[in-house]
Amino acid sequence: MKSRQLLALVLFAAAIAFLIWLPNQLNRHWMSVLIGTWILVYLAYTWNIVGGFLGQLSLAHSAFWAIGAYSYVLLSSKLDVSTAAGLAAGVAISSAYAGLTAFISYRFDIRGHYFALLTLAFSEIPAKLVYNINFLGASAGLHITTPSLAPQTYYYIALAMVLGMMGITFLLAHSRIGIRWIALRDNEQAAEAVGINPSAQKTIALILSAALTALGGALHGEYLHLARPEITFDPRPLILVIVAVFIGGRGTVLGPLLGVVFLRALEVLSSALPVPPGRLDSMLVLVESGAGILLVLWFARGRTSGSLLDFLLRILRLQIQKKLAS
Amino acid sequence: MVLFQSVVSGVLSGGVYALLGLGFALTLGSLGFVNFAHGSFIVMGMYLAYSGSQWLGLSPILLAPAVTMVLFVFAALAYPVIVAPTLRKGHELQIVVTLLLMNFLTALYEVIYLTDFHAPDGQQKTWLIHIGDSVLAIESAKLISFVVVIAVTTALHLFLQHSPFGKFIRACTSNPVGAQVVGLDVRRISWAVFLLGSGCAGLAGALLMSYSVVEPYLGLDLTVVAFLVSVMSGMALRSIVYSGIMFGVIESVAGTLVSESFARVAVFLIFILVLVLRADNSPFRSLLGGLRRSRRGNDTAAAAGDGVKS
């Protein structure tokens, strides 16, 4: 057991060293692909807190994301306050909004698909409202006027944030609170019977997740140097991330990373397809969601749902057994 | 008078909203299947009607039966892939898969039609009715759609209440296990219900196309409208026309009194309000009656609750 942990640690360190070395070898296009991937991985980890550990299918995260982005861009472009203030405002507003969402859903015990639809409403209300608010630039959005940083800087910031989220997820998975959440996900009544308060736990998780999501939104705003309704509030990245967590393994430390990297790899591969110009993006989504449907259904075919992580672990174990046998 | 005008046009568009909700309520109530792609099915109906009317030079309303047939075929193909494997696997899987299906269909529309708006051909006919010295305008396409919807929902209601097959469907809705015990083929009935629901979506799409514009991203909004109308009516087919009309009036009046874009926000605000009012432990529940949770959802607490009741 000890040696296996050591091996995992060495592999992890090697992977990080590789990722730190990587950006110097890549051109602009691949850098943007990688940065986009890290930002999605980050979102996958923050969604995983609510959707993976607790099984709460929240669609409000695109609003938490956008709140982070808008607060950051507004404060750093128009009002010219420090970066920290922009981040803090995003986190505070997003947490408060998550608190409101949680209060309404859990006070009135709205669950299942009603919860998904309620959170969708909570994400769509600000998305539609922002078009009417001139202060936030209405449909044109907001731009940051200062020149953007070097792509390498964004890469390292995004990488550091992803590693931080992995650390938080690891701590959660190995602490009482994370175990409580998984218990709630698997059997709420049983969990309640041993003294776990479902609404309190779910509220804490949603607020924590929203605060972290807002930080990711701020990074996205800084990277693109703008916040615009149809980009910042776009629900499609969130759907992609939800699917990635489902495919990769819910409530696990490596699952979200695996899922997003897998879907992004698929996207990169399918960008080589011969497609009429101007339709490439739609074609990528088409391939991605088609493959996503088949994969999710494939993993869900048994009595218990599998994941990419389980699949890889099983292969790894088989290989080790083969080595030992020979 | 402006207000009266907006109430009338709200009532007329409410008919189609009722049809959106009807298809959604059929699949949710009877199969326990949450179809987030329902709105995209409607958009498919709209695009089919649009292309058909471009190609044949007919009005979208005349093409409605053909569009409905195409949607039947599409649903028959989609059922074994999307619905059957997820039926008794809980709401999370259904939501993820149907959200993906929505993404898939939206991307498909983008590839075929690009992201442009498409409007129905020709000048919209409008009848003017003079009342005293003010004028009431009624769009003919909306009026025809309303009449068609009332006819279809009435026929569907009679079918479900009186025909043997309708009784089978209602039996499966109220108690799937019991229906299986007395020898009904629940799987085939689920299949038929999904086809019926998708057919409603196609018909609604063709009717919508006769007076409104279509773009690839309408799907999510239409799903929300469908869900809203069906939740407002408590999944009961009887009250779905009233809640569709109520919703149409609220949307239209909010649009007139405040602004068009506020009407979209109002839709979601009403939605939250309806969910809160209908929640099982809401203090206002006695006003409206609680949500009837889908019986086949694997939501443990809901399932346990149902077990206690029955």
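Values in this text are rule-based calculations from the coordinates and carry no lab data. From a predicted model like this one, the values you see are computed outputs, not experimental measurements. Glycine gets a Cβ as well: all are built from the backbone with ideal geometry, and neighbour counts include every protein chain shown.
Some observations on this one:
- Between the alpha-carbon centres of region A:7-68 and region B:49-106 there is a gap of 34 Å.
- Cα-derived Rg to Rh of region B:65-154, Kirkwood definition: 1.15
- Here the protein assembly as shown is treated as a sphere whose radius is the Kirkwood value from Cα pairs; by Stokes-Einstein at 10 °C and 1.306 mPa s it diffuses with a coefficient of 61 µm²/s.
- Based on Cα contacts under 8 Å between residues 6+ apart, region A:197-326 shows a relative contact order of 21 percent.
- When the charge dipole of the protein assembly as shown is built from unit charges on Cβ atoms (+1 for Lys and Arg, -1 for Asp and Glu) and taken about the Cα centre, the candidate among B:40, A:39, A:325 whose Cα reaches farthest toward its positive end is A:325.
- A helix-only calculation puts chain B at -24500 deg cm²/dmol for mean residue ellipticity at 222 nm, using -39500 (n - 2.57) for each DSSP H run of at least four residues, averaged over all residues.
- Residue-by-residue Karplus 3J(HN,Hα) for region B:205-214, coefficients 6.51, -1.76, 1.60, Hz, glycine and proline x: x, 4, 5, 4, 5, 6, 9, 9, 8, 10
- A cut-off under 10 angstrom between Cβ atoms defines the neighbours of residue A:105, and their net charge, with Lys, Arg +1 and Asp, Glu -1, is +2.
- A simple charge model with +1 on the Cβ of Lys and Arg, -1 on the Cβ of Asp and Glu and nothing else charged puts the dipole of chain B at about 1240 debye relative to its Cα centre.
- Residue order, fewest to most surrounding Cβ atoms within 10 angstrom, among A:58, B:9: B:9, A:58
- Two-decimal Rg/Rh across region A:115-251, once Rg and the Kirkwood Rh are taken from alpha-carbon atoms: 1.03
- GNM flexibility winner over chain A from A:21, A:65, A:38 (Cα, springs under 10 Å): A:21
- Taking all Cα-Cα distances within region A:1-138, those exceeding 25 Å account for 48%.
- The value for chain B of Rg(Cα) / (2.2 N^0.38 Å) is 1.00.
- Remark: relative contact order (chain B) = 39 percent; criterion is Cα-Cα distance under 8 angstrom and separation of 6 or more residues.
- Residue with peak Gaussian network fluctuation, chain B [Cα springs, cutoff 10 Å], from B:259, B:140, B:59: B:259
- Other residues with beta-carbon under 13 Å from the beta-carbon of residue B:228 carry, at +1 per Lys or Arg and -1 per Asp or Glu, a net charge of -1.
- Volume per residue of the convex hull around the Cα atoms, evaluated for region B:199-243, comes out as 82 Å³.
- Hz values of 3J(HN,Hα) by residue in region A:266-282 - Karplus curve (6.51, -1.76, 1.60), Gly and Pro given as x: 4, 5, 5, 5, 6, 6, 7, 5, x, 10, x, x, x, 10, 4, 4, 5
- Ratio Rg/Rh [Cα only; Rh per Kirkwood] for region B:166-287: 1.04
- Options B:266, B:115, B:75, ranked by Cα towards positive dipole end of chain B, top entry (Cβ charges): B:75
- Rounded to the nearest 20, the size of the Cβ-charge dipole of the protein assembly as shown about its Cα centre is 2120 debye, with Lys and Arg at +1 and Asp and Glu at -1.
- Converting the Cα gyration tensor eigenvalues of chain A into ellipsoid dimensions via √(5λ) gives semi-axes, longest first, of 31, 27, 20 Å.
- Region A:36-92, Cα convex hull volume normalised per residue, Å³: 87 Å³
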